[in-house]
Amino acid sequence: MIEDAAPILSTHSRQRTRSRQPFPRASVMGVPLDACTADQLVATVERWVDDGDRQFAVGVNAHLVNLANRDPELAALLRHSGLNYADGQSVVWAARMLGHDVPARVPTTEMVYPVAAMLARRRFPLFLLGGRPEVVEAAARRLRALYPGLEIAGTQHGYFSADSDAEVVAAVNGSGARVLLVGLGNPYQEQWVWKHLPELRPNAILTCGGLYDWVSGRNRRAPAWMSRSGLEWLYRLVIEPRRLFARYVLGNPRFCLDLTRALWEKRTAL
């Protein structure tokens with residue numbers, strides 16, 4: 001249980017409280033959401049490495065909110081992250097409807113590029129964890145091509161068993177990476193990072209879902225007008241209907257229902 005991990009929790013909670021950028025922290029149906037911009041996210045990752053912290057950042061979307069609302073341990077974990085940024089447009093709209101000033105969506109699929117540019121400029125090594133073997137390797141090659149100064153310290157596919165966790169952690173630590181991207185899917189990636197946070201040595205750890213599919217070119221990005229209008233989920237559903245049916249066709253109405261309930265509770269409390 002996350003709540004039972006008192007020694008680990010107290011150490012990392014104090015570190016997060018001391019070093020986290022003081023962004024206004026909203027709550028979207030119980031899930032914390034930091035009102036940060038894209039530039040502030042990159043600056044935060046850079047500061048974590050400079051300060052020698054060990055922090056993790058999570059991109060929050062409707063799917064993660066749905067999961068956290070039905071999993072108290074996941075909800076508790078998200079309260080102790082270094083940064084929760086708005087990966088999905090729906091959580092930006094929800095936060096604003098609930099009275100919070102969240103400036104804009106900060107999609108992980110776009111943020112990886114300015115983060116990689118900063119890492120290349122500062123010579124901070126990066127480790128990519130997750131995805132299929134050929135996909136994560138292709139993503140590494142593309143990032144190296146785009147940012148010639150970027151050091152990819154190592155890669156590890158996401159198809160490993162829990163019995164191999166110690167070997168994976170050792171590989172990450174042995175690589176000398178200062179930043180780690182973990183793309184194992186929600187909620188496993190967040191749970192994996194939290195479980196191994198005391199052992200991992202990279203200073204900044206970002207969960208990233210299916211990012212490598214997009215960076216590698218395996219999946220094409222949605223048209224800009226769909227992203228701007230909050231319809232990127234529909235584009236993704238069309239290209240991956242079997243995998244994403246439950247997440248979007250069932251999950252989006254659930255998110256809207258929970259938001260309606262939260263708005264009603266807020267109104268009646270006034």
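Surface analysis of the stretch 172-270 yields an accessible area of 53 Å² per residue, using protein heavy atoms and a 1.4 Å probe. Once the dipole of the stretch 155-227 is set up with Lys and Arg at +1 and Asp and Glu at -1 on Cβ about the Cα centre, which of Q191, V172, C208 lies farthest towards its positive end? Going by the charge dipole, the pick is C208. Proximity of backbone amide H atoms, modeled 1.01 Å from N, is registered between S27 and L33 at under 5 Å, excluding neighbours fewer than 5 places apart on the same chain.
Considering only protein heavy atoms and a probe of 1.4 Å, how much of the accessible area of the chain is carbon and sulfur, as a whole percent? About 55 percent, which is the carbon plus sulfur part of the accessible surface.
Solvent-accessible area per residue in the stretch 37-95 equals 29 Å², computed with a 1.4 angstrom probe and all protein chains kept.
Spatially, the stretch 212-270 and the stretch 133-198 are offset by 26 Å when compared through their Cα centroids.
A Cβ-based charge dipole, computed about the Cα centre of the chain with Lys and Arg at +1 and Asp and Glu at -1, lands at about 660 debye. Just to be sure I understand, if you calculate Rg/Rh (Cα atoms, Kirkwood Rh) for this structure, which of [x] 0.95; [y] 1.00; [z] 0.98 do you get? Of the labelled values, this structure produces [x]. The listed residues E46, E232, E199 rank as E199, E46, E232 when sorted by accessible area, largest first, using a 1.4 Å probe.
Charges were assigned to the Cβ only: +1 to each Lys and Arg, -1 to each Asp and Glu. The resulting dipole of the stretch 197-270 about its Cα centre is roughly 180 debye. In this Cβ point-charge picture (+1 for Lys and Arg, -1 for Asp and Glu), the stretch 47-119 has a dipole of about 180 debye about its Cα centre. Peptides 251-264, 30-43 ordered by packing proxy, namely the average of other Cβ atoms within 10 Å per residue, highest first: 30-43, 251-264. Per-residue 3J(HN,Hα) values for the stretch 64-78, derived from phi via the Karplus relation 6.51 cos²θ - 1.76 cosθ + 1.60 with θ = phi - 60°, read 5, 4, 4, 5, 5, 5, 10, 9, x, 5, 5, 4, 5, 4, 5 Hz in sequence order (x marks Gly and Pro). Farthest toward the positive end of the dipole of the chain, out of G149, V92, A57, is the Cα of V92, where the dipole comes from beta carbon charges about the Cα centre.
The values are calculated or read from the model by the stated rules, or taken from the named source; none is laboratory data. Note that the coordinates shown come from a computational prediction; the quantities given were computed from them, not determined experimentally. Neighbour counts run over all protein chains shown; Cβ positions are idealised from the backbone, glycine included. Note: accessible area is taken over every heavy atom of the protein model, side chains too, but ligands, DNA and RNA are not part of it. Shrake-Rupley method; radii C 1.70, N 1.55, O 1.52, S 1.80 Å.
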